[in-house]
Amino acid sequence: MSKHINPVVLITGILVGAAAVMLTALGNPPNMGFCIACFIRDIAGSLKLHTAEPVQYFRPEIVGLILGSTIMSLSSKEFRAKAGSSPATRFILGAFVMIGALVFLGCPLRMVIRMGGGDLNAFVGLAGFFAGILIGVFFLKKGFTLKRTYEVTKTEGFALPGIFVLLFVLFLAVPALFVFSESGPGSKHAPAVIALIVALVIGAMAQKSRLCMVGGMRDAVMFKDFNLLSGFAAIFVTVLIGNIALGNFAGFSTVSQPISHSSELWNFLGMALAGWGSVLLGGCPLRQLILAGEGNGDSAVTVLGMLVGAAFAHNFKLAGSADAVNDGVYTVGGIAPTGQAAVIIGFVVLLIISLANCTMLKKEGN
Amino acid sequence: MIDARGQSCPIPVVMVQDAVKKGNNPSELQVKVDAMVCVENISRYAASQGYTVSTEESDGEYTLTLKK
């Protein structure tokens with residue numbers, strides 16, 4: 001292991017793992033204490049951007065993560081309003097990262113939390129995620145860049161935090177504006193104020209530590225730098241210990257895992273799409289929220305891309321269906337043909353974006 | 001001077017890695033970045049390659065000097 005592991009990353013990983021177990025104990029869906037993709041998808045549903053009834057709730061965790069990062073970065077003078085690095089491309093990447101994650105049924109953070117819950121399907125997702133990261137790393141080594149950002153007016157930096165604060169105030173003051181699931185994952189949630197406070201702390205720590213699920217593997221492969229990977233490992237170990245301590249752990253299996261399917265090819269391909277897209281974006285969905293909180297307008301656009309991607313995922317039945325027991329018969333869930341097509345289209349789009357933005361490939365071509 | 005200002009993670013480190021490889025471990029390199037996270041990432045990579053790093057800050061921009 002590298003000598004250069006920042007203890008703040010380890011501590012943040014432990015806190016994220018503990019918070020995930022705690023939020024599930026307080027009401028969040030199983031193995032979903034935190035899931036950036038699922039929670040943005042639930043918010044999209046609560047705002048009526050999609051009409052999938054089981055997944056509609058305004059998740060305070062997303063607000064807390066963004067605001068925690070804003071508060072921490074303002075206090076450490078790291079808050080900088082920046083933008084201008086291929087925003088439309090980032091919007092599209094955000095949408096496809098979301099679609100890949102919802103095919104698998106979870107963002108990279110939920111993948112780790114599911115692994116700690118004993119869900120072997122998530123380990124297949126991990127293999128796909130790693131494969132996607134390797135493809136992204138190949139293009140980074142070929143000079144991939146979405147070009148640089150520039151300093152912009154401070155209001156740009158507060159745009160996304162401001163939108164989410166406004167929505168959260170409306171959620172508390174006029175809940176009738178939103179729709180909420182009566183059954184399914186969207187109906188399961190920790191008390192809003194507790195979820196917000198926990199997420200504020202995690203958001204602040206994630207800003208400080210630079211915790212990133214994709215960054216851990218990417219840096220280990222590219223630079224033999226294990227700093228961020230230590231946070232990834234800490235989340236897994238903490239969730240595993242937490243689940244065992246609370247009696248929620250029933251061994252490792254692919255069968256009957258909560259909000260999970262065992263169509264392993266699509267677990268692999270969904271996370272490969274999410275991994276590749278996240279490398280091109282420079283960070284996983286959690287990291288995009290944190291960067292948006294620090295004033296990065298490009299990450300704000302990426303988050304909006306994820307919101308729209310989530311709406312598409314449920315309006316066009318692209319997202320995975322969980323394995324379930326119906327009338328006493330265990331039914332394997334998986335991906336509808338529309339979802340399979342969306343993943344393949346996603347790979348083609350990512351390939352085009354990767355090739356079009358590789359400076360070295362262009363030079364070699366000349 | 002490598003200008004890595006405004007680049008997303010981990011491109012500043014890739015730019016330094018390229019310069020180290022192409023220059024066959026040069027004894028001195030200078031890099032300009034505009035985010036603390038890039039200072040940290042480049043410093044970790046430079047240390048792993050045996051460089052000592054000094055950093056100067058001016059108007060939110062950082063100039064890193066790598067020496068060995």
According to a simple spin-label model (label point 7 Å from Cα along Cα-to-Cβ), what is the distance in nm between A:LEU166 and A:VAL348?
3.7
By the C-alpha gyration tensor axes a ≥ b ≥ c (rounded if a/c is under 1.5, else prolate when a/b exceeds b/c, else oblate), the shape of the protein assembly as shown is prolate
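Determine, for each peptide in A:70-79, B:20-29, A:215-224, the mean count of other beta carbons within 10 angstrom over its residues, then list the peptides with the highest first. Can you show the working numbers first?
Numbers: A:70-79: 17.6, B:20-29: 11.5, A:215-224: 21.1.
Ranking the peptides A:70-79, B:20-29, A:215-224 by packing returns A:215-224, A:70-79, B:20-29.
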FRET efficiency for B:GLN30 and A:ALA127 from the Cβ-Cβ distance with R0 = 41 Å, rounded to 0.05, comes out at 0.50
Of all the Cα-Cα pairs you can form in chain B, what percent are over 19 Å apart?
19
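For peptide A:147-158, what's the mean number of Cβ atoms from other chains within 10 Å of each residue's Cβ? Show your work: numbers first, answer last.
Details: counts 4, 8, 6, 3, 6, 0, 0, 0, 0, 0, 0, 0.
Mean partner-chain Cβ count within 10 Å for A:147-158: 2.
Calculate the mean, over all residues of peptide A:120-129, of how many other protein chain Cβ atoms lie within 10 angstrom of the residue's Cβ.
Numbers: counts 0, 0, 0, 0, 0, 0, 0, 0, 0, 0.
Partner-chain Cβ atoms within 10 Å, mean over residues of A:120-129: 0.
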Among A:278-285, A:157-164, the order from most to least packed when residues are scored by Cβ within 10 Å on average:
A:278-285, A:157-164
Could you give the nm distance between label points at A:PHE316 and A:LEU177, where each point is 7 Å from its Cα heading toward the beta carbon?
2.9
What are the extents of the Cα atoms of segment A:160-205 along their three principal axes, in Å, largest first?
33, 21, 16
Rounded tilt (10° steps) of B:36-48 against the dominant C-alpha axis of chain B
10
Helix B:11-22 versus the longest principal axis of chain B: what angle, 0 to 90°, nearest 10, using Cα atoms?
20
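Starting from 0.36 nm per residue, how many nanometres of slack lie between A:VAL332 and A:SER187 once their C-alpha separation is accounted for? Walk me through the numbers before you get to the answer.
Values: separation 145, 0.36 × 145 = 52.20 nm, distance 2.28 nm.
Length gained, A:VAL332 through A:SER187: 49.9 nm.
What helices in chain A pass both tests, a Cα length along the helix axis of 18 Å or more and a mean Kyte hydropathy of 1.6 or higher, using whole DSSP H runs? Could the numbers behind the result be given before it?
Working: long enough: A:7-25 (27 Å, 2.24); A:60-75 (22 Å, 1.38); A:87-104 (26 Å, 1.84); A:120-141 (32 Å, 1.95); A:154-173 (28 Å, 1.81); A:192-209 (25 Å, 2.00); A:227-245 (27 Å, 1.84); A:264-281 (25 Å, 1.15); A:297-315 (27 Å, 1.01); A:337-356 (28 Å, 2.14).
Span-like helices here: A:7-25, A:87-104, A:120-141, A:154-173, A:192-209, A:227-245, A:337-356.
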Quick one: net charge around B:VAL39, please, counting Lys, Arg +1 and Asp, Glu -1 for every other residue with C-beta under 14 Å from its C-beta.
0
Taking the Cα atoms of segment A:9-116 alone, what are Rg (to one decimal) and Dmax (as a whole number) in Å?
15.3, 42
Partners for B:LYS67 among aspartates and glutamates (Cα-Cα distance below 12 Å; same-chain residues under 8 apart left out):
B:GLU28
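Rule-based calculations on the coordinates, nothing more; no lab input. Everything numeric here is computed off the predicted structure, so don't read it as measured data. Using ideal geometry, Cβ is built from the backbone for each residue, glycine included, and neighbour counts are taken over all protein chains shown.
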